[in-house]
1. Non-local amide H neighbours of Tyr39 (under 5 Å, H modeled in plane, Pro and chain starts lacking H): which ones?
2. Tell me which residues come under 5 Å, amide H to amide H, from Ser28 once H is placed; ignore anything under 5 positions away on its chain.
3. Mind listing the long-range amide H neighbours of Val115? Cut-off is under 5 Å, sequence gap 5 or more, other chains count too, H placed in the peptide plane at 1.01 Å from N.
4. If we count every other residue with Cβ under 15 angstrom of Met1's Cβ, Lys/Arg +1 and Asp/Glu -1, where does the sum land?
5. What FRET efficiency comes out for the pair Asp58/Ser2, r = Cβ-Cβ distance, R0 = 22 Å, nearest 0.05?
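Nothing in this text is a laboratory measurement; each read-out follows from the coordinates by a stated rule. This one's a predicted model, so the numbers in the text were calculated from it and none came from an experiment. Ideal geometry is used to build each Cβ from the backbone, glycine not excepted, and the neighbour counts take in all protein chains shown.
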Amino acid sequence: MSYTVTYYCPRCGTLASLEREGYLDDKSVTPYPLEGWTYAAPDESFDDADGVRFVCGDPRPGLTWETPPTPDDGTETTPAAPDHDPAETDDGDEPPGCGEPFYLSFIRFEGGEEVDPRSPSEQVELVDDESPSGPGGPRGPGGPDTGGFWG
Ligand SMILES: [Zn+2]
């Protein structure tokens, strides 16, 4: 079953609509690849990949781009004149997208656990009891009446 999923370019906000089959959990969309992830092009089979490498604005089979509508509450570039620039509304002038790559990463599982790209594979070492527990700290073991409130 094929359906369309959409992503926003993390750089410029251009909307990518990608048709794909099957269900894969998306983890994140990032401007840079995650370490250890394998990326396929949008028109490749990414069954064996861990993510998809998009080039913003680069249309592929099954992949379309569109510039998201500008919110109306922006006051900085509101033209005073009511007349429209025809080049601004048509798609002949400027294609959507910034041309920069970004990366959709699927959730990876290894040994039944989700791989978290933010924590490298090093183990967290437990602190031994031998290590000094440090000074008592500014609060110390004293009572709860040492100025918890300012007023
Ligand atoms: Zn972009």
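1. Sorted by chain and number, the residues that satisfy this are Asp50.
2. Ser105
3. Arg108, Phe109, Glu110
4. Local charge sum for Met1: -2.
5. Efficiency, rounded to the nearest 0.05: 0.60.
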